[in-house]
1. Of everything in the range 107-163 that's more than 18 Å from ILE9 (Cα to Cα), assigned to a helix (DSSP H, G or I) and modelled with pLDDT under 90, which residue is most open to solvent (accessible area, probe 1.4 Å)?
2. Mind checking which residues of the range 164-210 are surrounded by fewer than 16 Cβ atoms within 10 Å (Cβ to Cβ), of a type in the set (Ser, Thr, Tyr) and at pLDDT below 90?
3. Check GLU232 against each of (1) out of contact with any Lys or Arg (no Cβ under 7 Å at 6 or more places or on another chain); (2) closer than 30 Å to GLY33 by Cβ; (3) acidic (Asp, Glu) and name the one condition it does not meet.
4. Given the structure, is ALA57 in contact (Cβ under 8 Å) with a residue 40 or more places away in the chain, small (Gly, Ala, Ser) and open to solvent by 40 Å² or more (accessible area, probe 1.4 Å)?
5. Quick one: what pairs do we get from the range 21-49, first residue over 22 Å from SER137 (Cα atoms), second hydrophobic (A, V, I, L, M, F, W, C) and part of a loop (DSSP other than H, G, I, E, B), C-beta under 8 Å, 6+ apart or different chains?
6. Tell me yes or no: at least one residue of the range 70-91 is of a type outside the set (A, V, I, L, M), in a helix (DSSP H, G or I) and touching a Lys or Arg at 6+ places or on another chain (Cβ under 8 Å).
7. Go through the range 27-64 and count every residue that is in a strand (DSSP E or B) and touching a Lys or Arg at 6+ places or on another chain (Cβ under 8 Å).
8. Might you check whether a residue that is modelled with pLDDT under 95 and of a type in the set (Gly, Ala, Ser) occurs anywhere in the range 45-52?
Amino acid sequence: MQARLTSFIEALQQATTLDDLQSVILGLRCHFGVEHLVYHSVNSTGQQYAVLTYRPAWVDRYIDEDFARIDPVVQGCFRRFHPVDWKNLDWSGRNTRAFLGEALEAGVGNQGYSVPIRGPNGQFAMFTVSNRASDDSWQKFTAEHVSDLILIAHFINQKALEIERGTDFHAMHSLSPREIDVLTMLAMGLNRAQAADTLAISEHTFRTYVESARFKLGATNTTHAVARAVAEGFVLL
């Protein structure tokens, strides 16, 4: 998996257009063996762009009906910083159930996992994988791939920002609250086990956030990432 992830990152770094990013998304779909992958971003002025594998007819239907108003995935991610398993969202409303029925008919899949992303200047983005699978097999899939999915989400978001703005200058300003939390714990002198326990997350998840923050800060190692976070004012001691 690590070799394949490295290969994905290398391909992503070569992308210069959203069409290139779309090709990467298609490759990832094959790699993970899922029905769909979606990256969707909205900046502070409301401008949107996306790369995805949904059927065009479903995308048009979603936009025309403004389903984002009632989509529990969008609403759930907007209120959270942690990844969201669709099974843990509220699908009980009448309009929501009708929306779910249309989504299933369009081939979205009965299982999904979305990573919310907060970027610079009020940007909000989501990275989603979805599939047709049993609850047990999906639970195994997410448990095995959660770390890679979080990292991939942030890698894609940074690349999309570079394509949109023509620079990676803003990458330094896109640490998520949880990434700031983990770097703050390390800056306070806690080891990884202590810090993960304080934040009530696993050490595996803790390492994922550290690696994501390190990439965004352009740091060569964890110590360098903490130092840069302190120097840039993200971490206050």
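The values are calculated or read from the model by the stated rules, or taken from the named source; none is laboratory data. Everything quoted here is computed from the prediction, not taken from an experiment. Ideal geometry is used to build each Cβ from the backbone, glycine not excepted, and the neighbour counts take in all protein chains shown. To get the accessible areas, we keep the full protein, side chains included, count just its heavy atoms, and leave off ligands, DNA and RNA. Shrake-Rupley method; radii C 1.70, N 1.55, O 1.52, S 1.80 Å.
1. ASN121
2. THR167, the sole residue that qualifies.
3. Single failed check for GLU232: (2).
4. Answer is yes for this residue.
5. Close Cβ pairs (under 8 Å, with a partner that is hydrophobic (A, V, I, L, M, F, W, C) and part of a loop (DSSP other than H, G, I, E, B)) amount to LEU21/ALA15; SER23/ALA15; VAL24/ALA15.
6. No - not one qualifying residue is present in the range 70-91.
7. Of the residues in that region, 2 qualify.
8. The answer is yes; a qualifying residue exists.
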